[in-house]
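Step one of this worksheet: look at the structure below.
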Amino acid sequence: MSNVLGRLGDRILEKLVPKTSAAAYEYYVHCYCRERSDFRKICMLSGGKTYCGSCYVFRTCGP
């Protein structure tokens, strides 16, 4: 009985949580400098495709 419940639980979990593919490679890309802020975005290479987020301030430049 517990074996059947275990398999049923595994099937339900399989539907709710997607399986992960091969490890993704993450890296940062410089976007631009404006006024006293430096902007960058994070990109991810996964499955031969590149996905990038939006640019955001990551440091303040100048005195």
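Scanning region 5-31 for residues that are in a loop (DSSP other than H, G, I, E, B) and at pLDDT 65 or above gives A23, A24. Restricting attention to region 32-60, the residues being of a type in the set (F, W, Y) and at pLDDT 90 or above number 3.
The values are calculated or read from the model by the stated rules, or taken from the named source; none is laboratory data. For clarity, every value in this text was computed on a predicted model and none was experimentally measured.
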